[in-house]
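The values are calculated or read from the model by the stated rules, or taken from the named source; none is laboratory data. Treat the numbers as computed from the prediction; the structure is a model and nothing was measured. When we count neighbours, we look across all protein chains shown, and the Cβ atoms used for this are built from the backbone with ideal geometry, even at glycine.
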Amino acid sequence: MSELEALAGAVLCVGLPQADLSAADGAELSALAPGAVVLFARNVSTLEGTRALLADARAAIGGDAPALGCVDQEGGRVVRLGFAAEAMPSMMALGATGNAALAERAGAQLASELRAIGANVDFAPALDLALEPQSTVVGTRSLGADPQVVAELGAALVRGLQGRGVAATVKHFPGHGATALDSHLTLPVVSAGLATLRTRELVPFAAAFAAGARALMAAHVVVPALDAERPASLSPRILGDLLRAEMRFEGVCFTDCLTMEAIARAPGTVRGAALALAAGADMALISHDLALGRAARDEIVAAVEAGTLPLERLHEAAGRVARLRAWAATAAEAADFGEDTVARETARAALAVVRGETRLDLGRPVTVVSFEGDLGDGIAEGDAKRPSLSLALRRRRYRSELLRVALEPDRAMLELLLEVARAQGERQFIVLARRAHLYAAQRDAIDGLLAIAPRAIVVSALEPFDLPAFARAQTLLATYGDETASIEALADLLSGG
């Protein structure tokens, strides 16, 4: 391997195909020598097995300091490692608490989960603002819509993560929250003016930099006020003029995954890697294909030889990555994880009672009507098994049954649901709504249920953008997420806890 090839490999972060390292994949890693690997749910087996996979990958890569081990461990629906006794609820739930001390403990908890497998870079926290009700790619991953609240809690998460030796990677710079489009599928545009960006999207990032964030992830979004021609991840104006010169960020800049459609369609994953580095990124992220990683390495070498990527820019990027690897190698080992009660406390503190009486009568049976379906958006690697409020109530001695209804029920399903509801008699109803503001038929179904059972408890189980749709509800709640911690907290509240 030439010196130039070694430099080009050092600025790549690549994914692994499975939960163990085959001889062929090990040889590929050895030949490529990437600066980092990223683990996804497909790479996770047991705690010991996942730790062994990361150790084997590092051994194959070699180097003076171990390759970085990266994970998207945000909490909520973006959790790759499921070993914790109490998984963190969504960041929107954390944001709803407004509690910086909880946020710092949450960061420490997430760090402990990563350190248990030997990982040392968390692709978190997401500092995108929840500004667009139509957005599902951000949604409950956001700490909220208020720049100051997100700034305070985001900085606390950074301190919690890095206090336990895991580099925080704040994302998605300069902000993905003001667009409804998903960069996994297309190239979004954030149309805010420069003055708005400075007082809104950029505020949480500035706070995170002041808190010492060691890494950042650039978004695949076009921001015309900054660069009308290139997405942020490929823009010298955004990664150079704004991020480095104006905001003085000196940590490692990762791209978001270059296999996402926003880049894969044009200019393409491989060419995009060289363009991102030329623009000011330090780490080109290619999450799903080692062969693409090798092609990207060769493209970076060719770009240097052609003069389109200055050699000093490549040295600068590799130097930043080397410094992060050295820091991570000397970070103190974390204690065992899973003992902190921060997940439970966060979920309970996040619960919002908009109005009404929340306690159920233990002597009367309960029907939980849950609007469910595929909420996949390229983030959560499939729709994980959803925790059941009905089972949680049964554990609290309620006689409860569950009716599952599609997110957007058709006419036949709607009529059947209302027919069943009419036949239920004096049962108590709980309605779990999910993004009803996006699904007209779901709103119609809930309105019909409230006409039959006006005392039904309606719960906005994801983003609270749907709350205005439930004007008829006498009792209305918001949980800011439907993960286990949030469902258990809701069951406690409904049972008088």
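Overview of results
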quantity	calculated
Unique residue being within 26 Å of the chain's Cα centre (by Cα) and in contact (Cβ under 8 Å) with a residue 60 or more places away in the chain when the list is Ala279, Ala284, Ala318	Ala284
Cβ pairs under 8 Å, 6+ apart, first in region 169-194 and among the polar types (S, T, N, Q), second part of a helix (DSSP H, G or I)	Ser183/Glu261; Ser183/Ala262; Thr186/Glu261; Thr186/Ala262
Flag if Ala343 is touching a Pro at 6+ places or on another chain (Cβ under 9 Å), among the hydrophobic types (A, V, I, L, M, F, W, C) and surrounded by fewer than 16 Cβ atoms within 10 Å (Cβ to Cβ)	no
Residue match in region 149-168 (condition: over 21 Å from Ala343 (Cα atoms), in the same structural domain as Ser233 (by TED's automatic domain parsing) and of a type in the set (D, E, K, R))	no
Output for region 25-62, where each listed residue is assigned to a helix (DSSP H, G or I), among the aliphatic types (A, V, I, L, M) and closer than 22 Å to Ala10 by Cβ	Ala27, Leu29, Ala31, Leu32, Leu53, Leu54, Ala55, Ala57, Ala59, Ala60, Ile61
Residue in region 400-414 that is surrounded by the most Cβ atoms within 10 Å (Cβ to Cβ), counting only those that are farther than 14 Å from Leu438 by Cβ and of a type in the set (A, V, I, L, M)	Val405
Selected residue [in a helix (DSSP H, G or I), of a type outside the set (D, E, K, R) and more than 14 Å from the chain's Cα centre (by Cα)] from Ala145, Ala93, Ala108	Ala108
Tally, over region 344-382, of residues that are small (Gly, Ala, Ser), modelled with pLDDT of 95 or more and in contact with a helix residue (DSSP H, G or I) (Cβ under 9 Å, 6 or more places away or on another chain)	5
Any hit, region 413-423, residues being within 19 Å of Arg386 (Cβ to Cβ) and within 29 Å of the chain's Cα centre (by Cα)	no
Inter-residue pairs, beta-carbon under 7 Å, first closer than 10 Å to Val189 by Cα and in region 210-227, second in a loop (DSSP other than H, G, I, E, B) and of a type in the set (D, E, K, R), 6+ apart	His220/Asp256
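Residue-wise test of (1) assigned by TED's automatic domain parsing to the domain that holds Gly118; (2) touching a Cys at 6+ places or on another chain (Cβ under 6 Å); (3) closer than 17 Å to Ala284 by Cβ; (4) surrounded by fewer than 20 Cβ atoms within 10 Å (Cβ to Cβ).
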| site | (1), (2), (3), (4) |
| --- | --- |
| Pro17 | yes, no, no, yes |
| Ala23 | yes, no, no, yes |
| Leu29 | yes, no, yes, no |
| Leu47 | yes, no, no, yes |
| Thr50 | yes, no, no, no |
| Ala57 | yes, no, no, no |
| Asp64 | yes, no, no, yes |
| Ala67 | yes, no, yes, no |
| Asp72 | yes, no, yes, no |
